[in-house]
Structure formats: C-alpha cells, structure tokens
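What follows is calculated from the coordinates using simple rules that are stated; it is not laboratory data. Keep in mind that this is a model prediction, so the values were computed, not measured. As a convention, Cβ positions derive from the backbone with ideal geometry for all residues, glycine included, and neighbour counts pool all protein chains shown.
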Amino acid sequence: MQDNAMTVAVELDMSLGESPVWSVARQTLYWVDINNGHVYAWRPQDGAVPTRTELGEKVGCVAIAGSGLVAATTSGILRLAEDGEPQRLADNPEWKKGPEKGGQAGRGNRFNDGRCDAAGRLWVGTIDVVEASPTAALYCLERGELTRRLTGIGISNGLAFSSDRRWLYHTDSLTRRILRYPFDVDTGTLGEGETWVDLEALGLPGVPDGAAVDSEGCYWSALYDGGRIVRFSPEGELLAEHEVPCPQPTMVAFGGPDLRTLYITTATQHLDAEGKARWPLAGSLLQMKTEVTGLSEPEFKA
C-alpha cells in the first residue's frame, strides 16, 4: 500500500460505519455499524475476517476500556467485557422507553460520536432524532456520573483532543463549522468555544463528521456527503484533501504497528440501487498510508 493510495481494508456493506478506534496493546481495530447495532473487531496482521457483536440497538461509538470496550448505544452507555454480559454504566437522558406492549419501542435522541480524553473520561454526544433541530447535547462520563457539558446541538460529531491536550475539538455537523474549546485535562473543564474551521468559507463540500488528530497536532476530518478526507493544521489551515471512492466517509482513525495507516469508515445509507452500483466501495472499511503517525487512543477509566 503506497502513501496516499486509498484501498479496501475490509469489504463490507455497512449501513452507517463509524467510530474506528485502534488499540495499540491489542493491535486491533474496532468500529461500529450504527444503524444495525454491530460492533466489529479486526486484527489486520492475522489476515482474518473481522468478528462482529450484535447489541440489539443502535450503537453510536466505542472506546477502549481495559480488556474490553465501552459502547454508547441508543439507550445508554455499556461496558462490554470480553466475556460476560454487558454492564450498564449510564442511561441516555434523552431517550425514553416506550410502553412494554404496543406503541413505540422508544423515542428521543440517541448517542452518536464520542471518545476518551487523556484522563480516561468518556465524552459522547447525541443526535437530534430528526437531524434538524438543536435538541442534542455533549456529555461527559466520569467516575460513574454522566453530566451535560454542551447544549443546543443538532448532530454531535468531530470530537477530538489536540496533541498538547489544550483544546477539545467538536462540531455540530448541521452548522458545517468545527469549533474548539479551551480544555483542562486535569479538571475536565471547558472554556468558551470559538469557530476554528468554517467549511462554507473554505468552499468545501459535505459536513464535518468523525475526526482524529495526528502526532503533528493536525486534525483529520471525514466530510460526509463530501467524498473526501481533509487535514487541518493546529491553526485551522487546510493542508490536504484526499478523495474517497464513495460519497459518505464517516470517520478516520490511525492504526497499524506504526500508527501510519489511516482507517476510514463509510456508509451506504441514503444511497439507492443506482448509487450503490456507482459507488461499490461504499459501506466498506478503507485504508490509506500516511507520512505522519497518529496518536495512541486513551482508555476509559471508570
């Protein structure tokens, strides 16, 4: 695989692939298919097909936790041990259970994008149920307590932390702007947010979706419906664009033994039969070698 040559890592037909995260200790990549409630695990060096766990509800993201994972699902946050039943760590305050017999199974906003900070807190946002109104929020799970940290969001996305730990990056995809917030990793407090990147002003297509930060402090963003991955400097300057062979890349993660493989999740949702025929790689896990290394992903600490 040559640098900047995008290829298929795992051929799949995911509806909404998301949340790739690489475990350095396990040399394993994890990711989800949100709409189908699937969690994937794959060791590329083994050459084997990925394993798949079905959670029975939509799952927005996963993070590494000890020997297992934590998963933010529609109804709450779960600890997924390698063996045993999932343990519920927190309920989703924006999701209401429906009646046990008849009616809706549930209603409200589900959990979406998230990741851990360097202190082991889990930050996770929600998504407005109709993806149009600012009813969602960003939460932080620390020491068993889930607290609301930002409100007035439509689609919480793009969560990442600067390499010097001084900034939290976040976007409401509906606004097409990426914001950054002064961040204190010791206390977990946020300062006043400011617009850091404005896709409209740059003339870039699509909306900012999932992201990752590399060892040079640059921010990589998947532009959903934009068919590309973009890289921004710590000052918010557009440094590079990499076209993706499908219109809906969703998130990126650095992995591989040297953290120089960029993994890209993609989606098929909203593509009709003609669209799927035109974009046969949509729904697969893609990969691309990069000149720069990524950062190891922090683990969740209960």
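Evaluated with a Cβ-only charge set (Lys, Arg +1; Asp, Glu -1), region 98-240 carries a dipole of roughly 460 debye about its Cα centre, given to the nearest 20. Derived scalar couplings between HN and Hα for region 125-137 equal x, 10, 10, 4, 4, 10, 6, 9, 10, x, 9, 8, 7 Hz in order, rounded to whole Hz, by the Karplus curve 6.51 cos²θ - 1.76 cosθ + 1.60 (θ = phi - 60°), x for Gly and Pro. Among the listed values (i) 47, 44, 42; (ii) 53, 42, 39; (iii) 67, 49, 31, the one computed from these coordinates for Cα extents along the principal axes in Å is (ii). A Gaussian network model of the chain, with springs between Cα atoms under 10 Å, assigns the largest mean-square fluctuation among ASN35, ASN112, ASN157 to ASN35.
For TRP196, the residues whose amide H sits under 5 Å from its own are ILE178, LEU179, ARG180, ignoring neighbours fewer than 5 places away on the same chain, with H placed 1.01 Å from N. Residues whose amide H lies under 5 Å from that of GLY60, counting only those 5 or more places away or on a different chain, are ALA72, THR73, THR74; hydrogens are built 1.01 Å from N in the peptide plane. Taking the Cα-to-Cβ direction at ALA201 and at ALA5 and moving 7 Å from each Cα, how far apart do the two end points lie in nm? That separation, rounded to one decimal, is 3.8 nm. Site pair LYS276 and GLU82 shows an inter-label distance of 3.6 nm when each label is modelled 7 Å from Cα along Cα→Cβ. Mean sequence separation of contacting Cα pairs (under 8 Å, at least six apart), scaled by the length of the chain, corresponds to a relative contact order of 19 percent. Annotation: amide H-H contacts under 5 Å for LEU271 (H modelled 1.01 Å from N, sequence separation of 5 or more, or interchain): none.
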